[in-house]
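See structure below.
Every number in this text was worked out from the coordinates using simple rules, so none of it is lab data. Given the structure is predicted, the values throughout are model-derived calculations rather than measurements. In this analysis, Cβ positions are derived from the backbone assuming ideal geometry, glycine residues included, and neighbour counts consider all displayed protein chains.
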Amino acid sequence: MTTPLTLRSISDFRDTWLEEFFLYGRPHGKIPAEIASALMRKLDIINAATSYRDLRSPPGNKLEALSSPLLGCYSIRVNRQYRLIFIWSGGKAKGIYLDPHTYNAHR
């Protein structure tokens with residue numbers, strides 16, 4: 001049995017499958033195999049952050065404060081197509097979810 005990781009700067013996930021992927025390394029059909037290791041690295045970076053500003057580094061994260069309809073949310077890049085979207089509040093990332101970069105369609 002795999003020992004789960006400890007959530008430090010992540011408060012919660014929108015989707016249970018993403019939480020189980022991060023905490024237990026459980027693969028899921030909604031996570032393309034080609035992004036799994038990058039996704040885990042990005043979740044580790046978020047979990048280690050003490051401020052959303054920490055997510056500016058490395059520059060490849062491409063931290064972005066989003067506008068309407070996702071005003072108040074931030075995103076970091078997993079790869080060319082996928083982003084992690086979350087709200088940073090009270091020193092923690094909340095409601096993290098994996099987005100196939102469709103939020104631009106709402107602009």
Quiz item: Among [x] 1.40; [y] 1.21; [z] 1.00, which one is Cα Rg over 2.2 N^0.38 Å computed from these coordinates?
Solution: [z]
Quiz item: In nm, to one decimal, how far is the LYS94 label point from the MET40 one, both placed 7 Å along Cα→Cβ?
Solution: 2.9 nm
Practice problem: Using Cα pairs closer than 8 Å and at least 6 residues apart in sequence, work out the relative contact order for the chain, in percent. | Solution: 27 percent
Quiz item: Where in region 20-51 does the amide nitrogen come within less than 15 Å of the point 7 Å from the Cα of ARG80, taken along Cα to Cβ?
Solution: 34-35
Self-check item: Full-stretch length increase - HIS101, SER57 - with 0.36 nm per residue and alpha-carbon distance subtracted
Solution: 13.8 nm
Self-check item: Contour excess over end-to-end distance, with Cα ends at LEU7 and LYS30 and 0.36 nm allotted per residue
Solution: 6.1 nm
